[in-house]
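To start, the structure itself, in structure tokens.
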Amino acid sequence: MYTTLISARQLMDLQAAKARLMVFDCSFDLMDTTSGEKQYLQAHIPGAVYAHLDTALSDKGSLDANGQVAPHSGAASGGRHPLPRREKFAMWLSGVGFANDMQAVVYDRNGANYCGRLWWMLKWAGHDAVAILDGGLQAWQAAGGEVRSGTEPSHFQSNFELGPPLRRLVSTEDVRAALGQQAQTLVDARAPQRYRGEAEPLDPVAGHIPGALNRPFAQNLGPDGLFKSPQQLRTEFDALLAGRDPAGVVHQCGSGVSAVPNLVAMEVAGYAPTGLYAGSWSEWTRTPGLPVEKG
């Protein structure tokens, strides 16, 4: 069972052994929300199911009075990419034919930025056998992996059953209540200029949650597009935390998506699982009365 990362060669070996397996392509682009599916149709790992961030992995409702996307009333978080309830997510998994006895492998073309969302959601649904394809589609092709274009045949409906959550979802109220306390260390995965409040292309307010540390998610990958070694990641996170308790780390970003590579990297480095504030900056800045820091 693979539970964090899987290499292209290891995935090929699973396929050759005809393991119970489902591969998910999560490629996406925040600025062009149709491009990920178009890329999937042009080239994907044979048999892969496309998981659309906005529809399969989020529970977006209608636009509010300010023209912002509001979550459905039953969503598990707020923000620009509200988490669907676990039950709704299980219905989607069942609809694409994913079953509890399968190994899931998730990938994208975007430096693990989007496939991490599905990795985390499967853990949250109680499914431990999910791994990120290290290096994404690029690594798969570099290793000689076959790609296919067009659509894939539909899978038979399954009955995915939820288990106890294996990862911790943190709410806005949880973060607010622990502000300034040693028990919580926020790690913000956004680009430095957004963290400092110098630019904000997506959310209504610029800056960061008071006390948050900044680690842009792309820092987890080496020049080859693969996750850095466990030893290097451990060294970098130890330096970032500077003596703070890793058990109190809560990851966030703009909308709870690009925070996940930091969460995964900490697990690759050998830390115990940490929390995810899925609503992140987009929910924080839309909640009246919460403080903002700049610089």
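Each value in this text was obtained by applying a stated rule to the coordinates, not by laboratory testing. Nothing here was measured: the structure is a model prediction, and the numbers come from that model. All Cβ positions, glycine included, derive from the backbone under ideal geometry; neighbour counts span all protein chains shown.
Computed 3J(HN,Hα) for the range 235-242, one whole-Hz value per residue from the Karplus formula 6.51 cos²θ - 1.76 cosθ + 1.60 where θ = phi - 60°, is 4, 5, 6, 4, 5, 5, 6, 6, glycine and proline marked x. In this structure the amide hydrogen of residue 106, modeled in the peptide plane, comes within under 5 Å of the amide hydrogens of 24, 131, 132, 133, none closer than 5 places in sequence on its chain.
Using a Gaussian network model on the chain with a 10 Å cutoff between Cα atoms, which of 116, 211, 135 fluctuates the most? Among 116, 211, 135, the largest GNM mean-square fluctuation belongs to 211.
Do any chymotrypsin sites (Phe, Trp or Tyr not before Pro) in the range 145-249 lie in a loop, going by DSSP, with at most 10 other beta-carbon atoms within 10 Å of their beta carbon, and if so which?
Filter output for the range 145-249: 156.
Highest mean first, what order results for 4-17, 138-151, 247-260 on Cβ atoms within 10 Å?
247-260, 4-17, 138-151
Have a look at the DSSP beta bridges in the chain and tell me what percent are antiparallel, nearest 5. Percent antiparallel among DSSP bridges in the chain is about 20. For the range 194-210, putting each phi into the Karplus relation 6.51 cos²θ - 1.76 cosθ + 1.60 with θ = phi - 60° gives couplings of 6, 4, 6, x, 7, 8, 8, x, 10, 10, x, 10, 9, x, 8, 5, x Hz, in residue order, rounded to whole numbers and with x for Gly and Pro.
Taking GluC sites (Glu not before Pro) across the range 204-295, none is in a DSSP loop with at most 12 further Cβ atoms lying within 10 angstrom of its Cβ.
Across the range 101-112, computed HN-Hα scalar couplings (Karplus, 6.51 cos²θ - 1.76 cosθ + 1.60, θ = phi - 60°) run 8, 9, 7, 9, 10, 10, 8, 8, 10, 10, x, 6 Hz from first to last residue, x flagging Gly and Pro. Absence of a disulfide-compatible partner, taken as no other cysteine beta carbon within less than 4.7 angstrom, is noted in the chain for 253.
Placing R0 at 45 angstrom, the Cβ-Cβ distance between residue 176 and residue 151 gives a FRET efficiency of 0.50 after rounding to 0.05.
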